[in-house]
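For reference, the structure is listed below as structure tokens.
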Amino acid sequence: MANHRSAIKRHQQSLKRAARNRAVRSRIRHAVKKVRAALQSDNRELAAEALLQAASALDRASTKGVIHWKNAARKVSRLAKAVNATAPAQESVQA
């Protein structure tokens, strides 16, 4: 454990940020699982709605620096591709 006042403060800040980042990553995983679960149950409307929520959570996490922006973009792209594959040809969901 740190002994200096500034080092103690930095340690407390790092613990607080780690907890916040863990919560954001958990929120991302749950959002992505909702999309995949909706795709498994062949529920297009639910999948499209869950995709919007997941895209929002991923973009928010990338903005805050929890995950890399290219990682977020890749996940959104793959989820959108999966959702659009289940939808009819004329309908496409933009995230």
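The values are calculated or read from the model by the stated rules, or taken from the named source; none is laboratory data. It should be emphasised that the depicted structure is a prediction, and the values quoted were computed from it without experimental measurement. Glycine gets a Cβ as well: all are built from the backbone with ideal geometry, and neighbour counts include every protein chain shown. We work out accessible area using only protein heavy atoms, side chains counted, and drop any ligands, DNA or RNA first. Shrake-Rupley method; radii C 1.70, N 1.55, O 1.52, S 1.80 Å.
Based on this model, can you work out whether Ala31 counts as aliphatic (A, V, I, L, M) and closer than 22 Å to Gln94 by Cβ?
In short, yes.
Considering every residue within region 10-19, establish whether at least one is within 12 Å of the chain's Cα centre (by Cα), modelled with pLDDT of 95 or more and aliphatic (A, V, I, L, M).
Within region 10-19, none of the residues are within 12 Å of the chain's Cα centre (by Cα), modelled with pLDDT of 95 or more and aliphatic (A, V, I, L, M).
Quick one: what pairs do we get from region 4-29, first residue under 12 Å from Val66 (Cα atoms) and free of Cβ contacts under 8 Å to residues at least 60 places away in the same chain, second surrounded by 12 or more Cβ atoms within 10 Å (Cβ to Cβ) and of a type in the set (Gly, Ala, Ser), C-beta under 7 Å, 6+ apart or different chains?
Close Cβ pairs satisfying both conditions: Val24/Ala61; Arg27/Ala57; Ile28/Ala57; Ile28/Ala61.
Is it fair to say Ala87 is at pLDDT 95 or above and either on the phi > 0 side of the Ramachandran plot or of a type in the set (A, V, I, L, M, F, W, C) (or both)?
no
Residue pairs, Cβ under 9 Å, 6 or more apart or interchain, first in region 55-69 and touching a residue at least 40 places away in the same chain (Cβ under 8 Å), second open to solvent by 60 Å² or more (accessible area, probe 1.4 Å). List them.
Ala55/Lys75; Ala55/Ala95; Lys64/Arg20; Val66/Arg20; Val66/Arg25; Val66/Arg60; Ile67/Arg25; Ile67/Lys75
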